[in-house]
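All remarks here apply to the structure that follows.
The values are calculated or read from the model by the stated rules, or taken from the named source; none is laboratory data. All of these numbers come straight from a predicted model, not from anything done at the bench. With ideal geometry, Cβ positions are generated from the backbone for all residues, glycine too; neighbour counts draw on all protein chains shown. Just the protein is used for accessible areas: all its heavy atoms, side chains included, with ligands, DNA and RNA removed. Shrake-Rupley method; radii C 1.70, N 1.55, O 1.52, S 1.80 Å.
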Amino acid sequence: MKKIWIILGILFVLGGVLLLFFSFEEKEIILRQEENLVESEEGKMEKNLSLQVNGKTFKITLEENETTEALTKVLPLKIIMNELNGNEKYYYLDTMLPSNPIRVEKIESGDIMLYGDNCLVLFYEDFKTTYSYTRIGKIENTEGLKEALGSGNVEMEIN
């Protein structure tokens, strides 16, 4: 009978430790998400992220949609984006995100979009397109973006 009580006691303690661990991890995620909330000039809350590439940091303002909500849950990301067409970088996420693609018609430098449900795309040139994307966000100041991204594949961090 003593053995059962000892085993139950050990299980109770382990359960408490696990509960504390997951509670702290959840609080850390919430704090990280709150850090990305910034009040805009209009008084509404906007989510912001940063992109670091080749020693430069760029501020990203996110769209308010299901896609960005899901994306922020998998951050931070340290990825290698592939070059395509001399105007964009892309990366296939391990996770599928909810999407609501629209025919955007015009791409602007700094646009960050989702192609399909798992292809993250960062554009660094302006051009017209017939493709459909889900808008994720936009880099606020694109000065030096093209140079920082370079002409080939590039490692970057989004957080």
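Do we find that THR142 is touching a helix residue (DSSP H, G or I) at 6+ places or on another chain (Cβ under 9 Å) and either open to solvent by 50 Å² or more (accessible area, probe 1.4 Å) or under 18 Å from ILE60 (Cβ atoms) (or both) in this structure?
Numbers: touching a helix residue (DSSP H, G or I) at 6+ places or on another chain (Cβ under 9 Å): no; either open to solvent by 50 Å² or more (accessible area, probe 1.4 Å) or under 18 Å from ILE60 (Cβ atoms) (or both): yes.
The answer is no for THR142.
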Quiz prompt | Number of the condition not met by ALA70 [criteria: (1) modelled with pLDDT under 95; (2) open to solvent by less than 80 Å² (accessible area, probe 1.4 Å)] | solution = (1)
Quiz item: Of everything in the stretch 102-140 that's in contact with a Gly (Cβ under 8 Å, 6 or more places away or on another chain) and part of a loop (DSSP other than H, G, I, E, B), which residue is modelled with the lowest pLDDT?
Solution: GLU140
Quiz item: When you look at LEU49, is it of a type in the set (A, V, I, L, M) and surrounded by 14 or more Cβ atoms within 10 Å (Cβ to Cβ), yes or no?
Solution: yes
Practice problem: Evaluate the stretch 121-136: report whether one residue or more is surrounded by 15 or more Cβ atoms within 10 Å (Cβ to Cβ), among the β-branched types (Val, Ile, Thr) and without any contact (Cβ under 8 Å) to a residue 60 or more places away in the chain. | Solution: yes
Quiz item: Between residues in the stretch 98-120 that are under 17 Å from GLU83 (Cα atoms) and residues that are in a loop (DSSP other than H, G, I, E, B) and charged (D, E, K, R), which pairs lie under 6 Å by C-beta distance while being six or more apart or on different chains?
Solution: GLU108/ASP126; SER109/GLU125; SER109/ASP126
